[in-house]
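First the structure, in the form of structure tokens, and then the observations on it.
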Amino acid sequence: MADKKTITVQQIGSPIRREKSQRATLIGLGLNKMNKQRELVDTPEVRGMINKVPHLVRVVGE
């Protein structure tokens with residue numbers, strides 16, 4: 001279980017004037033401020049959330 005692959009996601013865009021679902025996706029990823037980074041387990045669910053808001057987030061050092 002300790003061998004789970006992780007990815008680091010950084011918020012690069014503001015959720016201001018975005019759809020409610022996009023703001024909720026950022027919150028679901030644990031991002032709510034510019035340039036904030038989170039290390040997340042690389043699962044299909046997390047990848048889907050990243051693909052929903054590619055203009056607001058960046059995967060760092062994959």
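On a per residue basis, region 23-62 carries 66 Å² of accessible surface, using protein heavy atoms and a 1.4 Å probe. The stretch between residue 23 and residue 3 holds 4.1 nm of extra length on full extension. This uses 0.36 nm per residue minus the Cα-Cα distance.
So if each residue of separation counts as 0.36 nm, and I subtract the Cα-Cα distance between residue 62 and residue 38, what length gain in nm does that give? Result for the pair: 7.4 nm of gain on full extension. When a 1.4 Å probe is rolled over the protein heavy atoms, the share of accessible surface on the chain that falls to carbon and sulfur comes to 51 percent.
Both radii come from the Cα set of the chain: Rg as radius of gyration, Rh as Kirkwood radius; their ratio Rg/Rh reads 0.97.
Working from Cα pairs under 8 Å separated by at least six residues, relative contact order for the chain is 52 percent.
Modelled this way, with points 7 Å down the Cα-to-C-beta line, the labels at residue 51 and residue 12 are 1.9 nm from one another. Computed about the Cα centre, the dipole magnitude for the chain is approximately 360 debye when only Lys and Arg (+1) and Asp and Glu (-1) carry charge, each at its Cβ. With the charge dipole of the chain set up from +1 on Lys and Arg Cβ and -1 on Asp and Glu Cβ about the Cα centre, the Cα lying farthest toward the positive end among the listed residues 30, 6, 16 is that of 16.
The values are calculated or read from the model by the stated rules, or taken from the named source; none is laboratory data. All of these numbers come straight from a predicted model, not from anything done at the bench. Glycine also receives a Cβ, built like all others from the backbone with ideal geometry; neighbour counts cover every protein chain displayed. Side chains included, ligands, DNA and RNA excluded: accessible areas come from the protein's heavy atoms. Shrake-Rupley method; radii C 1.70, N 1.55, O 1.52, S 1.80 Å.
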